[in-house]
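See below for the structure under consideration.
Computed from the coordinates by the stated procedures, all read-outs in this text should not be read as laboratory data. Quick caveat, the model's predicted, so the values are computed rather than measured. FYI the Cβ positions are ideal-geometry reconstructions off the backbone, even for glycines, and counts take in every protein chain you see.
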Amino acid sequence: MSTSYTIPKTQKAAVVESVGGTLQIKDDYPVKQASELAPGECLVKLEFTGVCHTDLHAAKNDWPVPAKTPLIGGHEGVGHIVAIGEHTQDSPVKVGDRVGIKWLAYSCLECEQCRKGNEQVCVKGKYSGFSVDGTFSQYVVSWVSHVTPIPANLDSAEAASILCAGITVYRAIKHSQTHIGDWIVLPGAGGGLGHLAIQYAVAMGLRVVAVDTGAEKRDLCLKLGAEKWVDFKETKDLVKDIKDATGGAGPHSTIITAASNAAYEQAIDYLRPGGTLMVVSLPGQGKLSCDIFFTVTKAISILGSYVGNRQDAIESLDIAARGKVKCYYTLKPLSALQETYEGLEEGTVVGRVVLDMKQTLVYHFWVFSSRHDS
Ligand SMILES: [Zn+2]
Ligand SMILES: [Zn+2]
């Protein structure tokens, strides 16, 4: 614990002041000082943070549950712990450790759900960039019990989006009741969650039908290991095309990663009997409507899956660290957050946007693994 860091009084942060307010980049946002941290809290100096569709909802406040205001969004942060609250007991991490900040910032670890490993639904849960300030700032306060150690051989920028998008799809696939060789359909496959879902699914021995639109997303999906591609804008009959792609019977599971109600509507029709619909993405509002007759007579399972617990975080990062999953991202500065939100709203973001919290220059370039090119 001999490492010590100089902590500035103010920082750069992207702040939404009030409900429905505009995003403002501030240079003078206060940094919580080491002496102000409560026991169990830690201060993390961020290197990178991913931008998730959830951040857009939080900024717009269009979910049934309101976000705090003023709000600093963001929940895919990677950085180093620069301070830990005095009198913290039994900390699993120390000052200087590289850690990740995920959606679930805190849970009580004592209630029934926490004891069962369902800490994401703890009633005392706190959420990064939603009920507590998140990672669109240079420093973030989190909890030593819930930050995730980043494997040494995983680059910080690459780890960022595993912390929400990766964990979320990893857990959903794990619970999709599929087995090696089964078909899985991924609506939204070319997006932030979807492109990681393809790789986790392939790593688990599943066969992937990617559903999305446009040549750029198609090329990415096929490159990442999807066997079949269905363009939802070009198809005349989505249900038939998906069934045909799997040899006629339909997929064993579908993981809906597209944040649109429409993506849910046809799942019951194309799923194979006994199939599983994993409800993952969160449109601003919407009802899951499905034909009750066919849900029963096809014995369809419908399961909600919500991010992941601390163990899911460790497992999904470990798979990425072993090169099985690689985030496809564009690196941008914090000042590009607003335009990123606009791109997410329009559905034009291919893969993920990761913000470099260490610099302020404007630069845009694709970063992609040579491992997939080989
Ligand atoms: Zn997220
Ligand atoms: Zn709890």
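Please give the length that would be gained between Lys223 and Ile314 if that part of the chain were fully extended, namely 0.36 nm times their separation in residues minus their C-alpha to C-alpha distance (nm, one decimal).
On the way: separation 91, 0.36 × 91 = 32.76 nm, distance 2.59 nm.
Here the segment from Lys223 to Ile314 would lengthen by 30.2 nm.
Determine, from the Cβ-Cβ distance of Lys116 and Thr348 and an R0 of 45 Å, the FRET efficiency 1/(1 + (r/R0)^6), rounded to the nearest 0.05.
Efficiency computed from Cβ-Cβ geometry: 0.70.
Quick one: grab the alpha carbon gyration tensor of the range 4-124, order the square roots of its eigenvalues as a ≥ b ≥ c, and give me rounded if a/c is under 1.5, else prolate or oblate depending on whether a/b is larger than b/c.
Taking the square roots of the gyration eigenvalues as a ≥ b ≥ c, the range 4-124 is oblate.
Let me understand the range 287-343 better: what is its radius of gyration from the alpha carbons, and its Dmax, in angstrom?
Rg and Dmax of the range 287-343, Cα atoms, are 18.9, 52 Å.
Report, to the nearest 10°, how far helix 310-321 tilts away from the longest principal axis of the Cα atoms in the chain, using its own Cα long axis and a range of 0 to 90°.
With both axes taken from Cα atoms, the answer is about 80 degrees.
At 7 Å along the Cα-to-beta-carbon direction for both Asp28 and Asn261, put a label point, then send me their distance in nm to one decimal.
4.5
Which of the three applies to the range 56-136, rounded, prolate or oblate, going by the alpha-carbon gyration tensor with a ≥ b ≥ c and a/c under 1.5 meaning rounded?
Verdict is oblate for the range 56-136.
Among Trp183, Trp63, which comes first, then next, by fewest other beta-carbon atoms within 10 Å?
Fewest-to-most ranking of Trp183, Trp63: Trp63, Trp183.
Once the other residues with Cβ under 14 Å from the Cβ of Glu342 are scored (Lys, Arg +1; Asp, Glu -1), what is the net sum?
Net of charged neighbours comes to -2.
Given a 10 angstrom Cα cut-off, can you work out which residue in Asp27, Asp182, Asp212 is the most mobile in a GNM of the chain?
Asp27
Rg (Å, one decimal) plus Dmax (Å, integer) for the alpha carbons of the chain?
When restricted to the Cα atoms of the chain, Rg and Dmax are 20.4, 65 Å.
For the range 130-196, count the residues as N, evaluate 2.2 N^0.38 Å, and divide the Cα radius of gyration by that value, please. Provide the component values of the computation, followed by the final result.
Values: Rg = 15.1 Å, N = 67, 2.2 N^0.38 = 10.9 Å.
My calculation over the Cα atoms of the range 130-196 gives 1.38.
Between Val296 and Gln177, what's the calculated FRET efficiency when r is the beta-carbon distance and R0 is 22 Å? Round to 0.05.
The pair Val296/Gln177 has a calculated efficiency of 0.80.
For the Cα atoms of the chain, what angle does the longest principal axis make with the long axis of helix 165-174, in degrees from 0 to 90, nearest 10?
For 165-174 against the chain, the angle is about 50 degrees.
Return the loop-located GluC sites (Glu not before Pro) in the range 210-301 (DSSP other than H, G, I, E, B) with at most 11 other Cβ atoms within 10 Å of their own Cβ; answer none if there are none.
Here the sparse-neighbourhood loop sites are Glu234.
Stretch Asp62-Glu216 to full length: gain in nm at 0.36 nm per residue minus the Cα-Cα span?
Numbers: separation 154, 0.36 × 154 = 55.44 nm, distance 2.94 nm.
That pair, Asp62 and Glu216, stretches by 52.5 nm at full extension.
Using only the alpha-carbon atoms, how far is helix 337-346 inclined from the longest principal axis of the chain? Give it as 0 to 90 degrees, nearest 10.
Computed tilt is about 10 degrees.
So for each of 152-160, 340-348, 254-262 I average, over its residues, the number of other beta carbons within 10 Å; can you give me the resulting order with the highest mean first?
Ranking the peptides 152-160, 340-348, 254-262 by packing returns 254-262, 152-160, 340-348.
First measure r as the distance between the Cβ atoms of Gln89 and Ser289, then evaluate 1/(1 + (r/R0)^6) with R0 = 51 Å and state the FRET efficiency to the nearest 0.05.
Working: r = 49 Å, r/R0 = 0.96.
So the FRET efficiency works out to roughly 0.55.
If you average the alpha carbon positions of the range 289-333 and of the range 78-101, how far apart do those two centres end up, in angstrom?
So the two Cα centres are separated by 28 Å.
How long is the range 166-304 along each principal axis, judged by its Cα atoms, biggest number first, in Å?
Its Cα atoms span 38, 31, 30 Å along the three principal axes.
Which cross-chain or sequence-distant (5 or more) residues have an amide H under 5 Å from the amide H of Ala105, H modelled 1.01 Å from N in plane?
HN-HN under 5 Å from Ala105: Lys126, Tyr127, Ser128.
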